[in-house]
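*Asks:* Got a structure here, written out as structure tokens. Questions coming.
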Amino acid sequence: MSAVTSGIVLALAAVLSFATALFIGKQLVDDGSPVAVIAFYEVAFGLTFLAAARARSPRAGLMLGRGALGWTAAAGLCFAVAYTSFYAAMSRIDFSVGAPIIGAVPLVSYAFVLIVLRGTERLTVRSVLGATLVVGGVGLIGVTS
Amino acid sequence: MGLGILLAIAAALGWGAGDVFVRRAMLGARPETVTIVAAGMVLLAVAVFVAGSSGVGAFAAPSAAFVGLTAVMGLLTWLGGNLLYFHAMARAGVVVVAPILGLTPLFAIALAVTLGGERPSVTTLAGTLAIVTGVLIVLTDRKRVLR
């Protein structure tokens, strides 16, 4: 199996995991639990599991070079802003308004690929067309949910 | 433009940029390391948000079932979700993998239909068709996006 194919398989496995977690999260929200508190516990347990998995595989070093450290910190900061902005947004607007905006993430990533990964990846007409269709579809589902 | 919409745009920008920065970081670091650092920063931010918006009393877990279910969610989202997603990005690139994440609502809907007894609307089915078609179109170019 090529690296790209294995990456696609891993991405599909990740999607299944995310979707199952979303389904469980929806049950908790329906029971009246605050979304941000659910997220806090979810991330706390997630970090615990990640640390435990790391402790079981000592070959997987945690060392970061200076360049990687900067990009990792930038990514962590972006995700931190994303999570808190998302929960703050959801307390102010309906999910049907927010979901299509959040669904645009692939196209936002494509814009940053042009700046940050210019020498590593390339955008093609078909990839942009496909991602636009995905964003449209996610928006359609979000609006009607 | 309302504050809520601006916050949603900030979230989309954060997730979109974060994915690309993760990919860039993984040119010199392992996905496990990047995931742990990202989870730590997100945990800190969410903790500050919960304390600031609802007070420290909000951290009290309502029940043992809540703790158990959020533990399963943590396992699924961070070990099964983000870690695998970052591994996927390291192998296939952001351009191929990012749109695949758009399939998440489809699987969530499938679970809601099969386990929750919900019935999808025509627009939901149209959105589903658009997402699947979009992902298939991206995958036809999967060998051309990596330099």
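*Asks:* Quick check: anything in the range B:2-23 in a loop (DSSP other than H, G, I, E, B), among the aliphatic types (A, V, I, L, M) and closer than 18 Å to residue B:93 by Cα?
*Replies:* No, there is no match, as no residue in the range B:2-23 is in a loop (DSSP other than H, G, I, E, B), among the aliphatic types (A, V, I, L, M) and closer than 18 Å to residue B:93 by Cα.
*Asks:* If you check B:107, B:59, which single one turns out to be of a type outside the set (Asp, Glu), at pLDDT below 90, buried (at least 17 other Cβ atoms within 10 Å of the Cβ) and out of contact with any strand residue (DSSP E or B) (no Cβ under 8 Å at 6 or more places or on another chain)? Before you say what the answer is, go through the steps one by one.
*Replies:* Details: B:59 fails: buried (at least 17 other Cβ atoms within 10 Å of the Cβ).
Just one listed residue meets the conditions, B:107.
*Asks:* Report every pair of residues separated by at least 6 positions or lying on different chains whose Cβ atoms are under 9 Å apart, first residue within the range A:1-17 and more than 7 Å from every other protein chain (Cβ to nearest Cβ), second surrounded by fewer than 18 Cβ atoms within 10 Å (Cβ to Cβ) and part of a helix (DSSP H, G or I).
*Replies:* A:1/A:9
*Asks:* For residue B:75, state whether it is more than 7 Å from chain A (Cβ to nearest Cβ), in contact with a helix residue (DSSP H, G or I) (Cβ under 9 Å, 6 or more places away or on another chain) and crowded, with 19+ Cβ neighbours inside 10 Å. Break it down into steps so the answer makes sense when it comes.
*Replies:* Details: more than 7 Å from chain A (Cβ to nearest Cβ): no; in contact with a helix residue (DSSP H, G or I) (Cβ under 9 Å, 6 or more places away or on another chain): yes; crowded, with 19+ Cβ neighbours inside 10 Å: yes.
Criteria not met by residue B:75.
*Asks:* Is there a residue being open to solvent by 20 Å² or more (accessible area, probe 1.4 Å), at pLDDT 90 or above and either small (Gly, Ala, Ser) or in the same structural domain as residue B:17 (by TED's automatic domain parsing) (or both) anywhere in the range B:115-129?
*Replies:* yes
*Asks:* So which residues in the range A:98-121 are more than 7 Å from chain B (Cβ to nearest Cβ) and open to solvent by 30 Å² or more (accessible area, probe 1.4 Å)?
*Replies:* Of everything in the range A:98-121, those that are more than 7 Å from chain B (Cβ to nearest Cβ) and open to solvent by 30 Å² or more (accessible area, probe 1.4 Å) turn out to be A:100, A:107, A:111, A:114, A:115, A:118.
*Asks:* Now, a different point. Of the residues in the range A:28-56, how many are open to solvent by 70 Å² or more (accessible area, probe 1.4 Å) and closer than 20 Å to residue B:29 by Cβ? First the steps, then the outcome.
*Replies:* As a first pass, look at the range A:28-56 and keep what is open to solvent by 70 Å² or more (accessible area, probe 1.4 Å): A:30-31, A:34, A:48, A:55-56.
Okay, now just the ones that are also closer than 20 Å to residue B:29 by Cβ, so A:55-56.
Selection size over the range A:28-56: 2.
*Asks:* Quick one: residue A:67 ticks every box in (1) within 29 Å of residue B:118 (Cβ to Cβ); (2) at the interface with chain B (Cβ under 7 Å from one of its Cβ atoms); (3) over 20 Å from the mean Cα position of the chain (by Cα) bar one, so which box is it?
*Replies:* (1)
A quick yes/no check of all residues on (1) open to solvent by 30 Å² or more (accessible area, probe 1.4 Å); (2) more than 21 Å from the chain's Cα centre (by Cα); (3) within 16 Å of residue A:88 (Cα to Cα):
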residue	(1), (2), (3)
B:5	yes, no, yes
B:17	no, no, no
B:20	no, no, no
B:24	yes, no, no
B:35	no, no, no
B:39	no, no, no
B:48	yes, no, yes
B:55	no, yes, yes
B:64	yes, yes, no
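*Asks:* Is it the case, given these coordinates, that residue B:65 is among the aliphatic types (A, V, I, L, M) and within 19 Å of residue A:83 (Cβ to Cβ)? Walk me through how you get there before you give the answer.
*Replies:* Details: among the aliphatic types (A, V, I, L, M): yes; within 19 Å of residue A:83 (Cβ to Cβ): no.
Judged against the criteria, residue B:65 is not a match.
*Asks:* Restricting attention to the range A:57-67, does a residue exist that is in a helix (DSSP H, G or I), under 27 Å from residue B:16 (Cβ atoms) and open to solvent by 40 Å² or more (accessible area, probe 1.4 Å)?
*Replies:* Scanning the range A:57-67, I find at least one residue that is in a helix (DSSP H, G or I), under 27 Å from residue B:16 (Cβ atoms) and open to solvent by 40 Å² or more (accessible area, probe 1.4 Å), so the answer is yes.
*Asks:* For residue B:73, only one of the following conditions fails: (1) within 23 Å of residue B:35 (Cα to Cα); (2) not in a helix (DSSP H, G or I). What is its number?
*Replies:* It is condition (2) that residue B:73 fails.
*Asks:* Could you tell me whether residue A:140 is facing chain B (nearest Cβ under 7 Å), open to solvent by 20 Å² or more (accessible area, probe 1.4 Å) and either more than 19 Å from the chain's Cα centre (by Cα) or of a type in the set (Phe, Trp, Tyr) (or both)?
*Replies:* Values: facing chain B (nearest Cβ under 7 Å): yes; open to solvent by 20 Å² or more (accessible area, probe 1.4 Å): yes; either more than 19 Å from the chain's Cα centre (by Cα) or of a type in the set (Phe, Trp, Tyr) (or both): yes.
For residue A:140, the condition - facing chain B (nearest Cβ under 7 Å), open to solvent by 20 Å² or more (accessible area, probe 1.4 Å) and either more than 19 Å from the chain's Cα centre (by Cα) or of a type in the set (Phe, Trp, Tyr) (or both) - is met.
*Asks:* In this structure, is residue A:125 more than 19 Å from the chain's Cα centre (by Cα) and without any contact (Cβ under 8 Å) to a residue 24 or more places away in the chain?
*Replies:* Values: more than 19 Å from the chain's Cα centre (by Cα): yes; without any contact (Cβ under 8 Å) to a residue 24 or more places away in the chain: yes.
In short, yes.
*Asks:* Kindly provide the set of residues from the range A:126-140 that are farther than 12 Å from residue A:101 by Cα and of a type outside the set (Gly, Ala, Ser), ordered by number.
*Replies:* A:126, A:128, A:129, A:132, A:133, A:134
*Asks:* Can you tell me which residue is farthest from residue B:22 (Cα to Cα) among those in the range B:110-127 that are in a helix (DSSP H, G or I) and more than 7 Å from every other protein chain (Cβ to nearest Cβ)? Spell out the reasoning first.
*Replies:* Filtering the range B:110-127 for residues in a helix (DSSP H, G or I) gives B:110-114, B:122-127.
After this cut, where a residue has to be more than 7 Å from every other protein chain (Cβ to nearest Cβ) as well, the list is B:110, B:113-114, B:122, B:125.
Working: B:110: 29, B:113: 34, B:114: 34, B:122: 37, B:125: 32 Å.
Taking the candidates together, the pick is B:122.
The values are calculated or read from the model by the stated rules, or taken from the named source; none is laboratory data. Quantities reported herein were computed from a predicted structural model and do not represent experimental measurements. No Cβ is skipped: glycine too gets one built from the backbone with ideal geometry, and neighbour counts run over all protein chains shown. Each accessible area value is taken on the protein alone, full model and side chains, heavy atoms only, with ligands, DNA and RNA left out. Shrake-Rupley method; radii C 1.70, N 1.55, O 1.52, S 1.80 Å.
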